[in-house]
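Trainee: Just passing along the structure, written as structure tokens.
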Amino acid sequence: GGTNIKGGIVDKKGNIVCSSKIPTERHLGGERVADNIARLTKELLETANMQVSDVEALGMGVPGMIDSKAGEVVYSNNLRWKNFMICETVEKLVGIPVKIANDANVAALGEVKFGAARNYNSALMITLGTGVGGGIIIDGKIVTGSNGAGGEIGHIHVEDDIETYCGCGNQGCLEQVASATGITKT
């Protein structure tokens, strides 16, 4: 996320073995964030008394427009990234295959698979944090939209009387008034 990196080791049944978080430090750039992800991964492995070889894959949910197939953050205004190959970068640091998707999408998928929506095949989830995200699951599959921004509701225009600019460059976005960041500013 834009403020913290939250991580956990999860078994195949969805049980959390251990979890922790560290600051994202997005202001120091993508390489630093990747280093922080690697550091958190190593700390979690140590806590769980596991080796890299015990892990099948590392899955990341990242805010913004994501190209999951390429392993690329196409655009994330909260992280201030454009065309960042995060999967490749983190794989080199941790030695584990990495997959990526939008953070709200994977949160919604997690709820359908293991959480509050587990008895449903379709669900909508709204995430509030540094930004405002949305995840849409239809028939058990993530809806990404044509450009990887399906469900990204944080940049819907909702307010005409905002003089400041959103991280995306527009004014009056939902994220400016309804995110945790936006609420603390008002």
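Trainee: Looking only at residues that are open to solvent by less than 50 Å² (accessible area, probe 1.4 Å) and out of contact with any Phe, Trp or Tyr (no Cβ under 9 Å at 6 or more places or on another chain) in the stretch 2-19, which one is modelled with the lowest pLDDT?
Mentor: Initially, the stretch 2-19 is screened for residues open to solvent by less than 50 Å² (accessible area, probe 1.4 Å), giving 2, 4-5, 7-9, 14, 18.
Restricting the remaining residues to those that are out of contact with any Phe, Trp or Tyr (no Cβ under 9 Å at 6 or more places or on another chain) gives 2, 4-5, 7-9, 18.
Working: G2: 81, N4: 92, I5: 95, G7: 96, G8: 96, I9: 96, C18: 97.
Checking each candidate, the answer is G2.
Trainee: Would you mind telling me which numbered condition in (1) closer than 17 Å to N4 by Cα; (2) polar (S, T, N, Q); (3) open to solvent by less than 30 Å² (accessible area, probe 1.4 Å) T127 fails?
Mentor: (3)
Trainee: Taking N77 as meeting all but one of (1) surrounded by fewer than 20 Cβ atoms within 10 Å (Cβ to Cβ); (2) of a type outside the set (D, E, K, R); (3) modelled with pLDDT under 90, write down the number of the exception.
Mentor: Tallying (1) surrounded by fewer than 20 Cβ atoms within 10 Å (Cβ to Cβ); (2) of a type outside the set (D, E, K, R); (3) modelled with pLDDT under 90, N77 fails exactly one: (1).
Trainee: So which residues in the stretch 77-107 are free of Cβ contacts under 8 Å to residues at least 40 places away in the same chain and under 19 Å from G1 (Cβ atoms)? Break it down stepwise before answering.
Mentor: In the first step, residues of the stretch 77-107 are kept if they are free of Cβ contacts under 8 Å to residues at least 40 places away in the same chain; the result is 82-83, 85, 87-88, 91-92.
Selection gives K82, C87.
Trainee: While we're here: Among the listed residues A38, A116, A70, which satisfies the condition of being buried (at least 16 other Cβ atoms within 10 Å of the Cβ) and not hydroxyl-bearing (S, T, Y)? Lay out the reasoning, then the answer.
Mentor: Values: A116 fails: buried (at least 16 other Cβ atoms within 10 Å of the Cβ); A70 fails: buried (at least 16 other Cβ atoms within 10 Å of the Cβ).
Of the residues listed, the single one that is buried (at least 16 other Cβ atoms within 10 Å of the Cβ) and not hydroxyl-bearing (S, T, Y) is A38.
Trainee: In the stretch 80-105, which residues are open to solvent by less than 40 Å² (accessible area, probe 1.4 Å) and either aromatic (F, W, Y) or within 15 Å of the chain's Cα centre (by Cα) (or both)?
Mentor: The answer is W81, F84, I86, C87, V90, V98, I100, A101, N102, A104, N105.
Trainee: Give the residues of the stretch 56-79 that are within 10 Å of the chain's Cα centre (by Cα) and on the phi > 0 side of the Ramachandran plot, sorted by residue number.
Mentor: Listed by number, the list holds a single entry, G64.
The values are calculated or read from the model by the stated rules, or taken from the named source; none is laboratory data. Just so it is clear, the model here is predicted, and its values are computed rather than measured. Backbone-built Cβ (ideal geometry, glycine too); neighbour counts: all protein chains shown. Remember, those area values only see protein heavy atoms, side chains included, never the ligands or the DNA or RNA. Shrake-Rupley method; radii C 1.70, N 1.55, O 1.52, S 1.80 Å.
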